[in-house]
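Below: the structure, in structure tokens.
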Amino acid sequence: MSSSPSSLYKQLGLGAAGSPVNASHLLMLVLGAGFLAFTVFVVHPNDFRLQSFFSGACPGSPPHDVLSPVNATPKATTPAKHADATTPVKAHPGVRVLIGIQTMPGKYERRHLLRTVYALQLQEHPALAGAVDVRFVFCNVTSAVDAVLVALEIMRYGDVIVLDCAENMDGGKTYDFFAAAARAFPDGAYDYVMKADDDTYLRLPALAAWVAGAAREDAYLGLQMPCDRENFYPFPPFMSGMGYALSWDLVRWVARSEVSRRDRVGPEDMWTGRWLNVAGKAKNRYDGAPRMYNYLGSSPANCFRRGFRPDTIAVHMLKDAGRWVETLAYFNATAALPPSALYHLP
């Protein structure tokens, strides 16, 4: 990986000095300002700096851990502890979680929906504002259209992290996210970093309360798979890609380890578990079942797909607007809306 910026960030040339400013120059000036904003305000609210992602050592150049080869027999891991359904749904002071929602530059509608959903949760539970940071993560922006529209989005919301990689799902994007977070916060501003899908609905108060009860080190939280002998069996245990969290020490380890750096290409959730299993890491594992699950719909229920429940932490596989509407309706996401608000004013 090169540490030089993507071609997306090259300066746009204007006319020669003293040239009259015409409509073409003004257009170039506006585009240039957009690109400048893109590089300066990538993740403004939490003091991420773009150079954290593009400068310094590339993955693999920091001091490496001397660990077993990736094809070694995975070491035994501690069975995951199930989420406690009686945990109070409230934020826990002093616990900070960075949630990186993996998406793609062109998915504006989905980001708008998620911003609204999570902003309303934070508005309803103000204590969460200091505990949970939600960011959208994608790789280099290569479309000229997306470059301008995403620049505006970043200037307005400041909640996007752009990684220096080619857009992918299972080609190393999750590794790049964890590694970038570790470089951006060398002293650790978060207790946990969570990777989540953009078709997952997270109930932030329940998530914060659950994570607050977990160990602060060597911890791995999510919906543990395989959960039966029919699905993914006998693959070694891993947390479903719907959303899983690593304690900060494990995030830092991922960024420095040869195990993860050299073995990043593969189903990202399985491969994250693979790194930890091979290295004997994540002895504190927390299984979110049955409070984390896939959307049921008309499919038969099983150990990872079930109907809604009041103590839910996360619902996955919300692939279309209909599923989102059904899910949000169940959890009363619009309960605070005044009855008259859906009607035209006289």
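The values are calculated or read from the model by the stated rules, or taken from the named source; none is laboratory data. The structure displayed is predicted, hence computed values, not measured ones. In this analysis, Cβ positions are derived from the backbone assuming ideal geometry, glycine residues included, and neighbour counts consider all displayed protein chains. All accessible areas refer to the heavy atoms of the entire protein, side chains included, with ligands and DNA or RNA removed. Shrake-Rupley method; radii C 1.70, N 1.55, O 1.52, S 1.80 Å.
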query = Can you work out the FRET efficiency for the pair residue 296 and residue 152, with r the C-beta to C-beta distance and R0 = 56 Å, to the nearest 0.05?
reply = 0.90
request  = With r as the distance between the Cβ atoms of residue 216 and residue 331 and R0 = 30 Å, compute the FRET efficiency 1/(1 + (r/R0)^6) and round to 0.05.
outcome  = 0.55
query = Mind listing the phi-derived Karplus ³J(HN,Hα) values for the stretch 326-333, rounded to whole Hz, using 6.51, -1.76 and 1.60 with θ = phi - 60°, and x for any glycine or proline?
reply = 4, 5, 5, 5, 4, 8, 6, 5
key: By accessible area with a 1.4 Å probe, ligands and nucleic acids excluded, highest first: order of 261, 111   = 261, 111
request  = Using Cα centres only, tell me the gap between the stretch 136-207 and the stretch 256-295 in whole Å.
outcome  = 18 Å
ask   = Using modelled amide H (1.01 Å from N, peptide plane; none on Pro or chain starts), what sits under 5 Å from the amide H of residue 80, excluding residues fewer than 5 places away?
value = none
task = Can you send over the solvent-accessible area of residue 167, 1.4 Å probe, protein chains only, in Å² to the nearest 10?
result = 60 Å²
inquiry  = Please compute the length gained on full extension between residue 309 and residue 187, using 0.36 nm multiplied by the number of residues separating them and subtracting their Cα-Cα distance.
reply    = 40.1 nm
Residue 230 - accessible surface, heavy atoms, 1.4 Å probe, Å² rounded to 10 = 150 Å²
query = Which pairs in the list 283/319; 107/319; 107/281; 107/195 are over 23 Å apart, alpha-carbon to alpha-carbon?
reply = 283/319; 107/281
key: Other-chain or far-sequence residues with amide H under 5 Å of residue 296's (modelled H)   = 306
key: Net length gained if the chain between residue 143 and residue 265 were fully extended (0.36 nm per residue, minus Cα distance)   = 41.5 nm
key: Of all accessible heavy-atom area on the stretch 97-289, the percent that carbon and sulfur account for (1.4 Å)   = 55 percent
request  = Take the alpha carbon gyration tensor of the stretch 201-277, find the square roots of its eigenvalues, order them as a ≥ b ≥ c, and report rounded if a/c is under 1.5; if not, report prolate when a/b exceeds b/c, else oblate.
outcome  = oblate
key: Residues with amide H under 5 Å from that of residue 238, placed H, sequence gap 5 or more   = 225
task = Convert each backbone phi in the stretch 300-312 into a coupling constant with the Karplus relation 6.51 cos²θ - 1.76 cosθ + 1.60 (shift: θ = phi - 60°), then list the ³J(HN,Hα) values in order as whole Hz, x for Gly and Pro.
result = x, 6, 8, 6, 10, 10, 7, x, 4, 9, x, 9, 4
request  = Provide the per residue accessible area, probe 1.4 Å, for the stretch 170-300, rounded to a whole number of square angstrom.
outcome  = 30 Å²
